[in-house]
1. From the list ILE159, ILE183, ILE134, exactly one residue is within 12 Å of the chain's Cα centre (by Cα) and closer than 28 Å to MET32 by Cβ. Which is it?
2. Residue check, ILE134 against (1) free of Cβ contacts under 8 Å to residues at least 24 places away in the same chain; (2) part of a helix (DSSP H, G or I), all met but one. Which one?
3. Taking SER81 as the residue in question, decide whether it is of a type in the set (S, T, N, Q), within 23 Å of the chain's Cα centre (by Cα) and at pLDDT below 85.
4. Looking at (1) without any contact (Cβ under 8 Å) to a residue 24 or more places away in the chain; (2) assigned to a helix (DSSP H, G or I); (3) closer than 19 Å to ILE183 by Cα; (4) open to solvent by 90 Å² or more (accessible area, probe 1.4 Å), which is the only condition THR111 fails?
5. Residues in the stretch 157-185 that are under 27 Å from PHE107 (Cβ atoms) and part of a helix (DSSP H, G or I): how many?
6. Among the listed residues ILE65, ILE159, identify the single one that is within 24 Å of LEU30 (Cα to Cα) and modelled with pLDDT under 95.
Amino acid sequence: LTRTLSTASTQAQSRTRMLAIDALRGLVMLFMLVDHVRETFFLHVQVSDPMDPVNTPPELFFTRISSMVCAPVFVFLTGLSAWLYGQSHSPREVSVFLLKRGLFLVFLELTLVNFAWNATLVPTTLWLQVIWAIGLSMIALAALIHLPRTALAIVGVVIVAGHNLLDGIVLTAESPFFEIWSILH
């Protein structure tokens, strides 16, 4: 009986959500809400760069800068959540889960989110933003999860240290690989 209760308790603990992660997600969503509402209230304030503190009113500058943590925190929490999920599931289960969720987020960005931005079913411009980036990251994680830690560390260092080395490559809209380069870089 004691062993059964202990096993049930362990299973219940593994299924519970980490409140700190959910609280951080909620805080970031509040920052995003402030940023999106800022678009409405400061629409009349035309500035070339809302991150330029010299030429931007303080209330616009600080509402904009507070939202700068949103995307990085969401991407970080995606990776952290994937790692936590992987602690109690097989690599194959984690890979399938990440692939499905990543494809769903990409689909969501291309359909519902773009409809919300453009108010048209067939937009002339696709806005690929944070949900798209998180979806593609999950798809990449679905494949990368099968690599050994050393290979993962190398991939991570190459991405972080090597990204700006590619800034010198500039493709114009007429270049055949412009769209792919824009998405990847």
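1. Details: ILE159 fails: within 12 Å of the chain's Cα centre (by Cα); ILE183 fails: within 12 Å of the chain's Cα centre (by Cα).
Among ILE159, ILE183, ILE134, only ILE134 is within 12 Å of the chain's Cα centre (by Cα) and closer than 28 Å to MET32 by Cβ.
2. (1)
3. On the way: of a type in the set (S, T, N, Q): yes; within 23 Å of the chain's Cα centre (by Cα): yes; at pLDDT below 85: no.
No: the conditions fail for SER81.
4. (4)
5. So the count comes out to 9.
6. On the way: ILE159 fails: within 24 Å of LEU30 (Cα to Cα).
ILE65 is the lone residue from the list that is within 24 Å of LEU30 (Cα to Cα) and modelled with pLDDT under 95.
The values are calculated or read from the model by the stated rules, or taken from the named source; none is laboratory data. Note that this is a predicted model, so its numbers are computed, not measured. Cβ: placed from backbone, ideal geometry, glycine included. Neighbour counts: every protein chain shown. To get the accessible areas, we keep the full protein, side chains included, count just its heavy atoms, and leave off ligands, DNA and RNA. Shrake-Rupley method; radii C 1.70, N 1.55, O 1.52, S 1.80 Å.
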